[in-house]
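This report concerns only the one structure given below.
Just so it is clear, none of the values below were taken in a lab; they were calculated from the coordinates. Keep in mind it's a predicted model, so treat the numbers as computed, not measured. Heads up, the Cβs are rebuilt from the backbone with ideal geometry, glycines too, and the neighbour counts pull from every protein chain shown.
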Amino acid sequence: MRLDLKIIPGASKNLLKKTSSGLTAYVTAPANDGKANQALILLLSKEFKTAQSQISITKGLKSRHKTIKIGEV
């Protein structure tokens with residue numbers, strides 16, 4: 001499965017929300033040293049009930065707009 005989403009780092013709580021423009025992920029981690037990316041992977045693994053090793057960021061490592069691959073990595 002492939003997801004395109006927007007991430008908002010430094011939010012007050014971790015949340016995955018469907019908006020009119022697509023999926024938006026809110027994570028409490030700051031956007032430095034890859035902490036927000038790791039928090040996003042953790043959030044998605046809980047939401048989709050899959051292992052963190054099955055989730056990878058394929059596009060947008062340093063951007064707020066990301067493409068995520070869930071499944072065979």
inquiry  = Here is a list: Leu23, Leu5, Leu16, Leu43. Which entry is surrounded by 14 or more Cβ atoms within 10 Å (Cβ to Cβ) and touching a His at 6+ places or on another chain (Cβ under 8 Å)?
reply    = Leu5
task = Report, ordered by the first and then the second residue, all pairs with beta carbons closer than 8 Å, sequence separation of six or more or different chains, a first member in region 26-42 that is free of Cβ contacts under 8 Å to residues at least 60 places away in the same chain, and a second member that is surrounded by 20 or more Cβ atoms within 10 Å (Cβ to Cβ) and part of a loop (DSSP other than H, G, I, E, B).
result = Lys35/Ala29; Ala36/Val27; Ala36/Ala29; Gln38/Ala29; Ala39/Val27; Ala39/Ala29; Leu40/Val27
query = Across region 1-43, which residue is nearest to the chain's Cα centre (by Cα) among those that are among the polar types (S, T, N, Q) and under 12 Å from Ile57 (Cα atoms)?
reply = Asn37
request  = Would you check which residues across region 31-73 are in a strand (DSSP E or B) and over 20 Å from Lys17 (Cβ atoms) and list them?
outcome  = Ser56, Thr58, Lys59, Lys69
